[in-house]
Structures are given as structure tokens and as C-alpha cells.
Amino acid sequence: MISVEDLGVEFGVKPLFQHAGFVVNDRDRIALVGKNGAGKSTLLKILCGMQKPTSGTVSIPTDTTIGYLPQVMVLQDDTTVRQEARKAFAHITDLKHRVDKLNQQLAERTDYESDSYLALVETFTQEHERYMMMGAENFEAEIERTLTGLGFLNTDLERPTSEFSGGWRMRIELAKILLQKPDVLLLDEPTNHLDIQSIQWLEQFLALSAKAVVLVSHDRAFVNNVCNRTLEISCGNIIDYKVKYDEYVVLRKERREQQLRAYENQQKEMREMRQFIERFRYQATKAVQVQQKIKQLEKMVPIEVDEVDNSALHLKFPPCLRSGDYPVICDDVRKDYGAHTVFQHVNLTIKRGEKVAFVGKNGEGKSTLVKCIMGEIPYDGHLKIGHNIQIGYFAQNQAQLLDEELTVFQTIDNVAKGEIRLRINDILGAFMFGGEASDKKVKVLSGGERSRLAMIRLLLEPVNLLILDEPTNHLDMPSKDVLKEAIRAFDGTAIIVSHDREFLDGLVTIVYEFGDGKVREHLGGIYDWLRKEHETVSSPEPSPMSPMSSTPSPKNDYAAHKEQQKRLRKAERAVEESERKISDMERRLKELDTLLMIPENAADMTLVTEYTTTKKALDDEVERWERFSEELETINQ
């Protein structure tokens, strides 16, 4: 689908990469990895044609479509959410206007026997068939499914996009790109503005529906669940690992060890050559050999070793005061913004030493409760902060509190104490401030760089209650590993607001779920909670049309009658939804049947696996439909 040959990109003296070559095939799921500044985003821009390489070629067939989601883009604010998503089907909308216009012409004319009328009928028939073949009758439902999967409520779809934050508007842009169903999807940090449920939906979509994907992401779980191939940009080269990210990490380590051995052998050989040259430079009998050694030395290309992986760096929070037994106690806490209730009846007790996660969809109140704990906003109810509590708080605006006139190194040197001062450069390197970057002044740093610097400062301050609001947004995977290990070894208490499953896994032991104005406690880690969520969604119990609750209500009992009607509507919706799923899966099975009839696809395990999975899902859904239908009949009796 895309062929890259002898690609080179230069910004200044040292090239980002050179002589790069690879192919993006149908059904490839490629993770593009490398340290910050290696050229990942630049490569995506080159693949989509937004930027020209210094050298080399990118070959894309004329009929291949590409969808590109950058990290930052200009957003529109003059439509509703649904109208903006409809722009993905502009070609269908234009065709519909044409079909409607032709239909109107047919209705207005009466010269049924004329050649021009018959030609108009023929044109209308062709255009209408083309319109129907494009799935014109289904695109509104497809829009709703995609927007709902990315976290929007049905009530959000008619709201103006201007009412939403930048993160939510980026979701709309992602939805538009997915709805266009391009041949190649290029995604630059697509999970930055998504919650856990939306990330999981996107994983499933990319696995089942996308054709080819090239993505940049620092979400390890997302990358592992989506990608089957890894392209690494390192030392100016692009290395193709045809494995998932976790397998790539192992292979990369082995590759670096081989590089290191080869580098050391080469250095030893070069030293021996220089010693020979110096020793026999002025001996006439050795002149020929000396000249040979000089030429050999000049021709030798120094072996480069991949950038040092700093994820093995160990950080430990400095000693702090012992806090009280219960750092945070919430008793019937409630927060309203005008007529909108963010949450109510929040009752939770966080014990000393616990590591807890706040999870839930964006806008459900996670950061709001953090601000209540910090005393930044008023609330109703009782919220008690324990004895001897020293809070270390990381939020997005924390980066704005840094002294802009200090350098990166000075900012950390001012808070570092004891032996840790000897390791400042190592710490800065682990958080992508290695080399000359440590001499930059804070005022020239980007927002992401400032956030990373604020995180390092926090790691070196003596606190016993850590509150971290989306701490991993601007960190690469090695940096996240350093931070995770530091928090795990932290003997204080930690509250972490995050949608990064891999970061939370093995770190937190309690999950507080925010949703529907409530805060629910779940004992166990992040994947324990996700399994419970999956079981709750998958299980029909408690069913909205349970036979036990379907006893006919007395006709004179208005409240009972109203509740009965509510259950009936839920039951009907459940049956309709199940029928829609069955229809979609049956259509996909027909498509797969057609594809598998082609000889070259007969051994395509991706298609075979999808066929088997879809067939099983269809059988399960038919059983659910039968159960829902029986329960609907029970309610109607």
C-alpha cells in the first residue's frame, strides 16, 4: 500500500534518518517508536504527504486513501457534534443531494414517453444504486456507534462543538477519520484525550475494522493490543521488527548488546592500528604497512550504539514525616456546578500507604474531587485531611509555577538533596532532558517539557501524600517505567488519576470508579476492575426485563404502570439492539465468505480467525436475542 525507499530527512547537521526503506502492507498494525525528537511525527507527515523528505521516495497507489490524526490540529466550532461527524460522508451527502434533485425532476415532468425523460430515469436509477451501494442508509447509525464508542452520549450529538474542550473536539476529529475508512490510518498519540473505556473501544475498532495502521503512542497496553509490527527510529536508521512491542523490547536489548560488543571490538582494533602507526611511522621497512593501516583506519565506519535505555535508573522519594493512619476521609461529599451535580454521597477512606486510582470517563469528576481534597474549590459534606500530611500535587497547571529564568538543571539542583545531587544528569536523561537540553531555560520549554520537569521536581520533594492528575501524558515509556517504580517504592500514600492501564497495573490496589454522579470502590488492581466491568456489560443479569419483575401491575397503580412501561421500552430496545448486531455480523460473514472464496486468501489466517470469531459471536448473540425475546413476551403478558 505504501512503499518507502532510500528515505532521508535532514534538519541541520545530523540527519533524523537516512537510507530508510520499508513497506506498509494491508492489515499491518505498525507501532512507530523511538526517543522524543527521533522523527516519529515527521515520518507520519511524510507518509501522508504533508512534508517532503530530503531524499528518497514514498510510493502510494493513486487509489489508496490515507487518514491522518496529528497531535495538534485546527478545530472547527461552527457545527453540532453530529454535523461535524457527517463531514466524513461528504461524498455520500453530495450524492444524496444529486439523487434528491433527480427525483424531484422526475416528479415534476410529465413527458413520460420522451427520450430525455427515459434518459433521466436511467441516470436516476444508476445514481440511486450507487448511493445505496455506499451504505447510504446506514451512515447515521455508524456515526452514532463511533461517537458513542469514543465516549459521547446521545444527548451530546446535537450540542455545538464549541461547548466541548479541546480534548473532546479531538475525539470528533478521530471519529471523522475512522468513519472515512481510509486504506491507511496514521495516528499520532490517539489515546492522549481518551479514557480507558474509549481506548478499549478504539483497540477493538483498529483490530477488526481498520485496513492498515501506523501509530505513535506511549500507551504500552494500547500498542501491545493493537500492533503486530514495530518500526524503530534509532541512530538515524529505521529498523523493522516484525513483532509486537513487548517482543521488540527483548529483541532490541539483544541487538544493543551485539552492537556494544561490535563497538568494543572495533574500538580495540582501531586502538591497535593507531599504536602500530605511531610505533612504526618513521621506520622505512614498515612504511608500506603503515600506509595500509592509515587507509584502513580512514575507511572504517564507526559503529553506532543505540541510545542508552535509562529505564533501569532507580529513583526513591526522600524520607518524609509519618502521616496519620487515614490521610483522606470523605463523608457524604457533594459537588455542584449550578444545576449540574458532578457527584454526590461520596464516602471513601484512604489509608496510609495505599496506592489508589481514580478512573472513569472524562468529565465525571475525577479532577474535581482532587481539587476538593487540595482545598482549591468549595464543596458540600465533610472532607478531612489526616494528621501530618505533606501533599505533593501534580496537575497540568503545575508546570506553570516553575521559575522561567532558571535552567532545567538549576530547577532540579535547587530541590535535590544529598547523594541524589550527584545523579541529576542521569535523572534528567531518564526524563528526556539529556545533554544540551539540561542547559535550556524553562521559558523556552514546550508545555510537555515543562510538565516533565515539574514531575522530576515532585519526585525529589519530601511528601507523604502524592496526588497525580494524568502524570503520564507527556512521558515516553522508559520515563513512565522510572516514575512507576518510584511510586511503587514510595512508602507514603498515592492517589493517581490516569487512563494508562499499563502504568496503573501492579501499582494500585484500589480503584475508585467515577460515573453517573457516584464514586464506587473496587478492591483490586486496574485489570481486576476492567474484568468486572466486562462481566457486568456481557452478562444479561440484572436484566431490564427480568421475569421476576414482570408481574402485571394493578391498573389503578399509576406508579407501577409507569415502571412497567419503562421496563417494556428497555426490553424492546434490548431486542432491537440485538437484532442490529445480528444483522451486522451476518453481513460481515457474507463479506468474509466472499473474500475467502478468492484462492490467494484461502490461507489468510487473519481472515480465517475473524470469520471464526465473528461466527461464535453471532451464535452467542442469537442466544441473547432468544432470551431477550422470551423475556419481552413475559412482560407483555
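When we measure straight from the Cα of Lys484, which aspartates and glutamates land under 15 angstrom away, once same-chain ones fewer than 8 places off are left out?
Qualifying aspartates and glutamates at Cα under 15 Å: Asp219, Glu354, Asp469, Glu470, Asp476, Asp500, Glu502, Asp505.
For Asn237 and Thr57, FRET efficiency with R0 = 25 Å and r from the beta-carbon atoms, rounded to 0.05?
The value I calculate is 0.90.
Using a Cα-Cα cut-off of under 16 Å, which aspartates and glutamates could be cross-linked to Lys441, ignoring same-chain neighbours fewer than 8 residues away?
Asp403, Glu404, Glu405, Asp413, Glu449
If all Cα-Cα distances of region 45-111 are sorted into 10 Å bins from 0 onward, what percent lands in each bin, rounded to whole numbers?
Here the calculated profile for region 45-111 is 14, 26, 27, 19, 10, 4, 0.
Per DSSP H run of n ≥ 4, the term is -39500 (n - 2.57); total these for the chain, divide by its residue number, and report the mean residue ellipticity at 222 nm rounded to 500 deg cm²/dmol.
The helix-only estimate for the chain comes to -14500 deg cm²/dmol at 222 nm.
Counting other Cβ atoms within 10 Å, which GluC sites (Glu not before Pro) in region 347-405 have at most 13 and lie in a DSSP loop?
Listed in order of number, the matching sites are Glu376, Glu404, Glu405.
Report Rg (one decimal) and Dmax (nearest whole number) for region 219-355, counting Cα atoms only, units Å.
Rg and Dmax of region 219-355, Cα atoms, are 29.9, 97 Å.
Spelling out what I want: for every residue of region 267-276, take phi, set θ = phi - 60°, compute 6.51 cos²θ - 1.76 cosθ + 1.60 (Karplus), and round to whole Hz; glycine and proline get x.
Calculated HN-Hα couplings, in order: 4, 5, 4, 5, 4, 5, 5, 4, 4, 4 Hz.
Once the whole set of protein chains is in place, how much accessible area is left on Asp528, using a 1.4 Å probe, in Å² to the nearest 10?
60
Note down the relative contact order for the chain as a percent, whole number, built from C-alpha pairs under 8 angstrom at least six residues apart.
12
Distance check, please: which entries in Lys40/Lys299; Lys40/Lys176; Lys244/Lys316 exceed 29 angstrom between their Cα atoms?
Listed pairs above 29 Å: Lys40/Lys299; Lys244/Lys316.
Can you figure out the FRET efficiency of Ala207 with Glu521, using R₀ = 41 Å and their beta-carbon distance, to the nearest 0.05?
Efficiency for this residue pair is about 0.85.
Quick check for you: with a 1.4 Å probe and neighbouring chains kept, what is the accessible area per residue of the chain, in Å²?
Spelled out: the 1.4 Å probe surface of the chain, per residue, equals 53 Å².
When only C-alpha pairs under 8 Å and at least 6 residues apart count, what is the relative contact order of region 384-516, in percent?
Reported as a whole number, the value is 30 percent.
Would you work out what percent of the accessible area of region 372-412, with all protein chains in place, is carbon or sulfur (probe 1.4 Å)?
Exposed carbon and sulfur together represent 49 percent of the surface.
Please give the peptides 253-265, 322-334 ranked by average Cβ packing (other Cβ atoms within 10 Å per residue), highest first, as a rough proxy for protection.
In decreasing order of mean packing, 253-265, 322-334 become 322-334, 253-265.
As I understand it, the value is the acute angle between the Cα axis of helix 447-459 and the longest principal axis of the Cα atoms of the chain; what does it come to in degrees, rounded to 10?
The answer is roughly 70 degrees.
Given just the C-alpha atoms of the chain, how large is their convex hull per residue in cubic angstrom?
Here the figure is 250 Å³ per residue.
On the protein heavy atoms, probe 1.4 angstrom, tell me the percent of accessible surface of region 130-281 carried by carbon and sulfur.
So the carbon and sulfur contribution to the accessible surface is 48 percent.
Would you work out what percent of the accessible area of region 432-530, with all protein chains in place, is carbon or sulfur (probe 1.4 Å)?
After summing per-atom areas, the C and S share lands at 46 percent.
With just the Cα atoms of region 15-80, tell me how far they stretch along each of the three principal axes, in Å, largest first.
45, 31, 23
Determine the dipole magnitude for region 34-93: charges of +1 sit on the beta-carbon of Lys and Arg, -1 on that of Asp and Glu, nothing else is charged, the reference point is the Cα centre, and the result goes in debye to the nearest 20.
I would put it at about 240 debye.
Between Ala85, Phe280, Gln266, whose Cα lies farthest towards the positive end of the dipole of the chain when Lys and Arg beta carbons carry +1 and Asp and Glu beta carbons carry -1, centred on the Cα centre?
Sorting the options by dipole projection puts first Phe280.
Given a Förster distance of 56 Å, report the FRET efficiency between Lys615 and Gln283 from their Cβ-Cβ distance, rounded to the nearest 0.05.
Between Lys615 and Gln283 the formula returns 0.10.
Please sort by residue number the GluC sites (Glu not before Pro) in region 93-186 whose DSSP state is loop and whose Cβ has at most 14 other Cβ atoms within 10 Å.
Sparse-neighbourhood loop GluC sites (Glu not before Pro): Glu113, Glu137, Glu158.
The values are calculated or read from the model by the stated rules, or taken from the named source; none is laboratory data. Every value quoted in this text rests on a predicted model; they were computed, and no experiment measured them. Positions of Cβ are backbone-derived with ideal geometry, glycine not excepted, and every protein chain shown enters the neighbour counts. The area values use the complete protein model at the heavy-atom level, side chains included, leaving out ligands, DNA and RNA. Shrake-Rupley method; radii C 1.70, N 1.55, O 1.52, S 1.80 Å.
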